[in-house]
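Report on the structure given below.
The values are calculated or read from the model by the stated rules, or taken from the named source; none is laboratory data. The structure displayed is predicted, hence computed values, not measured ones. Cβ sites come from the backbone with ideal geometry, for glycine too, and all protein chains shown count toward neighbours.
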Amino acid sequence: MSQQGERSDQPGTPDLESGLEALRQSPEFRGPGESLDGHDHATDHFALIYTNRDEQFAAAIPFIRQGLEQGERCLYVADDNSKAEVLEAMRARGVDVDGALDSGALSIHTEADTYRRTSTFDQDAILEFWEDSLTEATDEDGYTGIRAATEMTWALDEDTSPDQLVEYEAALNSLFQNEDYTVMCQYNRERFPPEVLEDVIETHPHLIHDNVVSHNVYYTPPEEFFGPEQPADRVDRMMGTLREQTEAKTELQQSKEHFEQVFESSHDAVLIVDPDADEILDANPAASKTLGYGRDELLSRGPSDLYHGELDRFSTFVDEVFEDGFGWTDELTCRSRDRGRIPTEISASQIEVDDRPVMLATIRDITERKEHEQAQQRLYEIVADSDRPFDDKLQAVLELGCERFDLEYGGIARVDPTADLFEVETIRGDHDHLVPGEQYPLSETYCRSVADDGETTAITDPVSEGFEGKLCYERFGVQAYLGTQLEVDGDVDRTFFFVSNEPRKEEFSGAEHTFLHLMGQWVEYELERRQAAEALREQTHTLETINQVGNSLAAELDLENLVQEVTDAGTEITGAEFGAFFYNVIDDQGESYTLYTLSGVPDEEFEDFPMPRNTEVFGPTFHGEGVVRSDDITKDPRYGNNAPYDGMPEGHLPVCSYLAVPVISNSGEVHGGLFFGHSERGIFTEKDENIITGIAAQAAVAIDNARLYETARESEERFRALVTASSEAVFRMSSDWNEMRHLEAQGFLSDTNEPTSDWLDKYIHPDDQGRVMEAVNEAVRAKSTFELEHRVEQVDGSLGWSFTRAVPMLNEDGDIDEWIGMASDITERKHRQQELEQTNAQLERSNAELKRFAYAASHDLQEPLRMVSSYVQLLEQRYADDLDADAREYIEFAVDGADRMREMIDALLQYSRLNTSDNKFEPVDCNDVLAQATDNLQIAIEESSAEITSDSLPTVMGDEQQLVQLFQNLLDNAITYAGDEPPRIHVTAEKRNDEWVLSVQDNGIGIDSEKAEEIFEVFNRLHTTDEYAGTGIGLALCQRIVDIHNGRIWVESELGEGSTFSFTVPEKKASKSA
């Protein structure tokens, strides 16, 4: 702890001034930290007296936070609160607890770590702890000092007496004197007895209570602690008195400091005067400067010396101030030493000095304001004169500025920083060099400063500003400059300036800057208005021209006439020597080619030259990339880079000025380009470009319209031809079908040439009208095609059938304009369909009868065959010994014939059942089908050592059992006709359009290609039963199964080369044959 009055030169050192000052200036505390008279031993030892936790932490946490900010090591001893509660309070009040703990700048302790580190309170031990902590922090760890906030409730136990506590607190004051040590001892007023708190207050140099921090005037040595007053009363009295004194002194001190600061630093003259005694009691520095008198000289004078000649008015003003307590006036003039009478503004209030009423007067020199107001009034009168031309107003404004700024010349100049150009546009006064039209490098003028930063620039010392050696200083002789920038929309920037060849002693004032800005705003506005008016005139003329051309073009629907009008108009408007319009057209065969029109010169001038190509000059136009305008196209870097001419061909009209504008439709199609040329340089202006761009847009619309007209005309002709040539009825309906606009029915229905709304009753059969309108409403709602078969009344009154189809015609907004449709006479088809339905019904009856016959035949034919076979076998068994070899052979022939007959009957029954299959098609995995077929043939496969392989097979729509039989028959056929080698069979699948082609390839004996069709017929065999067993119906079954699945089956084979049987199955569900 350092002694009062001593200050460390090191920033952040926690001496008395820094520690107490930090708390005093913190927003959490109040109090000026006044001196402790008679206590030269006071240290940075604070006592915090609190009644609740919020009040405690409101002081303790900022105390710790300030220590961390000053680079001190901070310790907090928790006892009345837990360590967790203390840390949470620190976080809530903005302390970076984690960072401070990690760095070692903050540590939280308990009474067991500190005051009772030896199990009981030992004053020497705790003082040694603080000494060691201070040494470690400052000498070893580099901290600026140590700061501790300790909760003292540990001293309430029976082992610590008040005398021990007082001795310890007194020892802190002397032990750490002159040390970088600051401590706040925290006492809970609700827990400590009043007599103890009395001792605490008297042993701490500084006290914190109710967020007020102050020097403790009750601080006394320990031997003076006890007195006759009751402890609790003394505590209240001491703390209340201390707070009141501190707050009163604080307010008084702050008021006094504030008044002195304002009084001394004010830019306005401030006087304290006694009007009754005609005395000036005090004057600030600004008063001496404003009135021209020294302070002592002013104090020797009175108000009557300053307001001589206006004493009556001054006295009236004084009476108002003393009556109302304050007053204000700007009607008095004050006499100064060297400037005579100056206009002033006075605001005054009544105060007391040494118990006598006086007046505090603030006097402001308003000379410049008055001059500014007068000049502003003159400026308003000039610019408000509606009968005065702009040029006269401008000269008057420049003259006013010269007077206001006391400068010789005023003017306006065009500036271009990029080109380093300064061009005098207007000047007031006769200057040898600043003459309208003269151009100089901008960098050699004062206006460069304005152009660089865009701000108002004032120069009174050119040399120090870096203009020595520049034209403006050396040659023009300008010694003073005041200028600002004028940014004119749509035009070049300018500077508005005033200069003088005579030096100026004083800097330009803020009022002069403001007045220049005010004048500049008017000039800028007028220039912009004139520029806008000129632009409006040009734009109006441009629009009128474009409108005139547009009206003419809108009335022209012939494409060739239209483009000629465009070319003529553009040539005339731009003043071109010749113009051309190259445009693209499509011939009857749909081929694109380019035509052109000429204006200003005869066609013969260009007939020997080829059409322009997409060169670097022409390309941007034909590609629609934008306008190309050049004052001299021969100097353009894109010119002359293309063979064979590398420029204009010999004999071509000379072209210097060049303007080309693409003609682009709303859809983005480039119709062509307008091209204009002139032999002289710089003929075509931006205005010409704008006009031709507008005409090009009009031309694009007109060309679109002409093409639409031609398309519509051709479409109408084609439509009429279609109606004439077609046998279909053609009709047009309104957007909602409420009205039939036209019907040409080619003798099918009654024609309608006039719009009619009774079409439904007139043409549609009553039983179909509801169905028709339901389909109409859905088509209108969905903006989709209308399609329906329905009955109609034919032109002869008979009942007919129509297939009607209509499509909506949509406009640009996607709404339906009308419907175009055709009605086909399907009466005959419907009759044939009815006949076919009757035939199908008869076939279904025949199939049913055939089914019954098949079952009957199966039973009735197989029973006699079983009887013949059985009796022949019985005959063989009974008479075996009596039969010779021929008889036994005959019996074998009979049994074999009966068996083969039974197999053929079973096959026929199976074939007939395929004809009447009622199974519905479902998704079938052909891989599973092949697996079932191979399982069914497992014995034959093993006996023949057959090898069956396959690719990945698809899933198709079909009858699973029929497809199993199909694969099984094809595999069995390949095994049966394998020849001498073991069968090698491979199954493949290939997608073709909307069907699958599945193939079974074998290495068998093959088939004669001429007999490839016969093998699919019922009971047709190419070999005898002695050669190869079988009924001859297996492949016929395959043919029937494929037919049922709407597929095809065929074989590709050569004798001795094996066979490939292929069949197709549609990818989607197919309808089955009857």
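Can you give me the ranges of the strands (runs of 3 or more DSSP E) entirely in segment 939-995 with at least 3 residues that are within 58 Å of the chain's Cα centre (by Cα)?
Answer list for segment 939-995: 955-958, 984-992.
Going by what's in this entry, would residue 280 be described as in contact (Cβ under 8 Å) with a residue 40 or more places away in the chain, over 60 Å from the mean Cα position of the chain (by Cα) and surrounded by 14 or more Cβ atoms within 10 Å (Cβ to Cβ)?
When the stated conditions are applied, residue 280 does not pass them.
Would you confirm whether or not segment 971-994 contains a residue that is in contact with a strand residue (DSSP E or B) (Cβ under 9 Å, 6 or more places away or on another chain), at pLDDT below 90 and over 23 Å from residue 1053 (Cα atoms)?
Yes, some residue in segment 971-994 is in contact with a strand residue (DSSP E or B) (Cβ under 9 Å, 6 or more places away or on another chain), at pLDDT below 90 and over 23 Å from residue 1053 (Cα atoms).
Scan 704, 688 and give me the residue that is touching a residue at least 24 places away in the same chain (Cβ under 8 Å), over 17 Å from residue 573 (Cα atoms) and either basic (Lys, Arg) or outside any loop (DSSP other than H, G, I, E, B) (or both).
704
Which of the strands (runs of 3 or more DSSP E) found entirely inside segment 420-532 contain at least 3 residues meeting this: touching a Phe, Trp or Tyr at 6+ places or on another chain (Cβ under 6 Å)?
Of the strands (runs of 3 or more DSSP E) lying wholly inside segment 420-532, those with at least 3 residues that are touching a Phe, Trp or Tyr at 6+ places or on another chain (Cβ under 6 Å) span 480-486.
Could you go through segment 169-180 and let me know if any residue there is under 60 Å from the mean Cα position of the chain (by Cα) and part of a loop (DSSP other than H, G, I, E, B).
Among the residues of segment 169-180, at least one is under 60 Å from the mean Cα position of the chain (by Cα) and part of a loop (DSSP other than H, G, I, E, B), which makes the answer yes.
Considering each residue of segment 1056-1069, count those that are outside any strand (DSSP E or B), of a type outside the set (Asp, Glu) and modelled with pLDDT under 85, and give that number.
Residues meeting the conditions: 3.
Across segment 488-547, what is the number of residues that are touching a residue at least 60 places away in the same chain (Cβ under 8 Å), among the basic types (Lys, Arg) and farther than 30 Å from residue 695 by Cα?
Qualifying residue count for the region: 2.
I'm trying to understand the selection: among the residues of segment 659-672, which are in contact (Cβ under 8 Å) with a residue 60 or more places away in the chain and buried (at least 24 other Cβ atoms within 10 Å of the Cβ)?
Scanning segment 659-672 gives 659, 663, 672.
Please go through segment 757-784 and pick out each residue that is surrounded by fewer than 15 Cβ atoms within 10 Å (Cβ to Cβ) and either touching a Gly at 6+ places or on another chain (Cβ under 9 Å) or assigned to a strand (DSSP E or B) (or both).
783
Of all residues in segment 737-751, which are touching a helix residue (DSSP H, G or I) at 6+ places or on another chain (Cβ under 6 Å) and farther than 15 Å from residue 802 by Cβ?
Residue satisfying the conditions is 737 alone.
Give the residues of segment 129-142 that are of a type outside the set (Ser, Thr, Tyr) and in a helix (DSSP H, G or I), sorted by residue number.
129, 130, 131, 132, 134, 136, 137, 139, 140, listed by residue number.
Could you list, in sequence order, the residues of segment 185-240 that are modelled with pLDDT of 75 or more, of a type outside the set (A, V, I, L, M, F, W, C) and part of a helix (DSSP H, G or I)?
194, 195, 198, 199, 202 - these are the residues of segment 185-240 that are modelled with pLDDT of 75 or more, of a type outside the set (A, V, I, L, M, F, W, C) and part of a helix (DSSP H, G or I).
When you go through 126, 108 one by one, which is the residue that is part of a strand (DSSP E or B) and of a type outside the set (D, E, K, R)?
Result: 108 is the single residue among 126, 108 that is part of a strand (DSSP E or B) and of a type outside the set (D, E, K, R).
Select the helices (runs of 4 or more DSSP H) contained entirely in segment 285-364, then report the ones holding at least 2 residues which are among the acidic types (Asp, Glu).
Passing ranges, in order: 295-299, 311-324.
Identify all residues within segment 498-550 that are acidic (Asp, Glu) and farther than 16 Å from residue 375 by Cα; write none if there are none.
Answer for segment 498-550, where residues must be acidic (Asp, Glu) and farther than 16 Å from residue 375 by Cα: 502, 506, 507, 524, 526, 528, 534, 538, 544.
Given 357, 303, 343, which one is in contact with an Asp or Glu (Cβ under 7 Å, 6 or more places away or on another chain) and modelled with pLDDT of 85 or more?
Within the list 357, 303, 343, the selection yields 303.
Is it true that residue 436 is touching a residue at least 12 places away in the same chain (Cβ under 8 Å), surrounded by fewer than 20 Cβ atoms within 10 Å (Cβ to Cβ) and closer than 30 Å to residue 377 by Cβ?
yes
What's the number of the condition residue 737 fails, among (1) of a type outside the set (Val, Ile, Thr); (2) surrounded by fewer than 17 Cβ atoms within 10 Å (Cβ to Cβ); (3) outside any strand (DSSP E or B)?
(2)
For residues in segment 384-406 being in contact with a Ser or Thr (Cβ under 9 Å, 6 or more places away or on another chain) and part of a helix (DSSP H, G or I), which is nearest to residue 460 (Cα to Cα)?
Within segment 384-406, the match that is nearest to residue 460 (Cα to Cα) is 405.
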